[in-house]
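The values are calculated or read from the model by the stated rules, or taken from the named source; none is laboratory data. Just so it is clear, the model here is predicted, and its values are computed rather than measured. Because the Cβ atoms are built from the backbone with ideal geometry, glycine has one as well, and the counts that use them run over all protein chains shown.
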Amino acid sequence: MNTLQRVGVIVGYEWKRALAKKKILALVTLAIVIQVLPFAIFTQVSPGFLTEEAKATMWIFGVLGGQSLFIQLVAIIIAGGSMAEEYEHGTADILLSKPIKRLEYLSGKFLGGFLLLIAIEAVMVVTGVLMGFAFFGPQNQLQFAPVIFVAIAYSSLLFFSLTFMFSEAMRRGTLAMLAAIGVFITSQIVYSVLLVLYTLSQAAGHPVQFYLDVSKVLPTWSAGNLPMFIASELMPTLRNPLIALVTGDIALSAAVIATYMVVSIAIAVIRQLKSDITKKAD
């Protein structure tokens with residue numbers, strides 16, 4: 001076997017492990033429910049204020065609806081157990097005793113977990129589009145759906161990589177997920193506080209740009225907003241009261257995601273290469 005084949009074996013193993021635990025089935029089911037339920041509820045309570053133009057773009061509401069929270073949590077759940085569970089169950093000893101390099105093992109685990117995440121994101125995007133058709137009729141501007149899907153997948157790399165790093169560094173799945181959720185919540189709170197401070201300084205006539213600059217390096221700013229920034233750029237004339245697209249710095253948000261991803265992967269690689277192969281966690 002060459003390197004790519006060995007990495008592929010680990011990717012396949014990661015998928016089989018997730019399917020055996022019914023993790024994928026549970027997450028896919030939840031993803032579909034989260035997509036269908038808002039449409040079903042909205043059509044029952046809607047006062048009928050949507051224009052025909054708005055109805056024809058409801059697929060965007062479905063596609064972007066769970067991106068900033070649900071998908072980030074799914075990324076944390078998948079990555080949190082990816083490395084840690086191997087140490088907790090003692091299977092890391094077995095896998096790393098095979099003729100496979102540690103970097104190949106790490107790469108296979110990362111790619112396998114991320115492909116699982118992409119599969120769930122694809123289900124959510126397709127379901128969002130289908131719900132637009134099912135509840136509101138023919139949909140327009142669907143040519144942008146693949147681009148937005150790629151943006152969602154890329155955005156989810158931030159918290160997936162961060163949690164993957166925690167999973168390898170801490171080697172405890174629950175701790176890794178709690179650490180990543182802590183980063184997510186803290187980032188959201190700090191981001192909100194910084195926006196309030198900027199608004200107050202602006203109202204006082206002396207806007208402090210520093211508050212905005214700091215808010216843009218927080219993980220939730222880029223991970224939560226990049227798909228919306230891209231959608232806003234692709235559809236600047238969108239008129240739908242349920243879809244509040246905002247403009248933003250696409251290049252900066254993409255760079256922030258890449259920075260968090262590279263640093264997280266680098267730390268995970270160093271931890272894997274420099275540490276001993278641990279025995280089963282107690």
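Output the number of the condition that F49 fails; it satisfies all remaining conditions of (1) out of contact with any Leu (no Cβ under 9 Å at 6 or more places or on another chain); (2) in a helix (DSSP H, G or I).
In the conditions (1) out of contact with any Leu (no Cβ under 9 Å at 6 or more places or on another chain); (2) in a helix (DSSP H, G or I), F49 misses (2) alone.
Can you tell me how many residues in region 227-244 are part of a helix (DSSP H, G or I) and either of a type outside the set (A, V, I, L, M, F, W, C) or surrounded by fewer than 14 Cβ atoms within 10 Å (Cβ to Cβ) (or both)?
Residues that pass the stated criteria total 3.
Restricting to region 173-208, what's the tally of residues that are of a type in the set (S, T, Y) and surrounded by fewer than 17 Cβ atoms within 10 Å (Cβ to Cβ)?
Selection size over region 173-208: 5.
What helices (runs of 4 or more DSSP H), lying completely within region 88-202, carry at least 1 residues that are in contact (Cβ under 8 Å) with a residue 12 or more places away in the chain, of a type in the set (F, W, Y) and at negative phi?
So the answer is 102-136, 145-170.
Take the conditions touching a helix residue (DSSP H, G or I) at 6+ places or on another chain (Cβ under 9 Å), among the basic types (K, R) and assigned to a loop (DSSP other than H, G, I, E, B) and apply them to R271. Does it pass?
no
Restricting to region 120-134, name every residue that is more than 11 Å from the chain's Cα centre (by Cα), among the hydrophobic types (A, V, I, L, M, F, W, C) and surrounded by 18 or more Cβ atoms within 10 Å (Cβ to Cβ).
Across region 120-134, the qualifying residues are M124, V125, V129, M131.
Going by the structure shown, is N225 out of contact with any Asp or Glu (no Cβ under 9 Å at 6 or more places or on another chain) and either closer than 30 Å to P38 by Cβ or modelled with pLDDT of 95 or more (or both)?
yes
Determine, yes or no, whether K55 is free of Cβ contacts under 8 Å to residues at least 60 places away in the same chain and either within 21 Å of I152 (Cα to Cα) or not hydrophobic (A, V, I, L, M, F, W, C) (or both).
The answer is no for K55.
Could you pull out the residue among E86, E104 that is over 25 Å from V129 (Cβ atoms), under 23 Å from the mean Cα position of the chain (by Cα), surrounded by 16 or more Cβ atoms within 10 Å (Cβ to Cβ) and of a type in the set (D, E, K, R)?
E86
Here are the criteria: (1) in a helix (DSSP H, G or I); (2) touching a helix residue (DSSP H, G or I) at 6+ places or on another chain (Cβ under 7 Å); (3) crowded, with 16+ Cβ neighbours inside 10 Å; (4) modelled with pLDDT under 90. Tell me which single one F61 does not satisfy.
(2)
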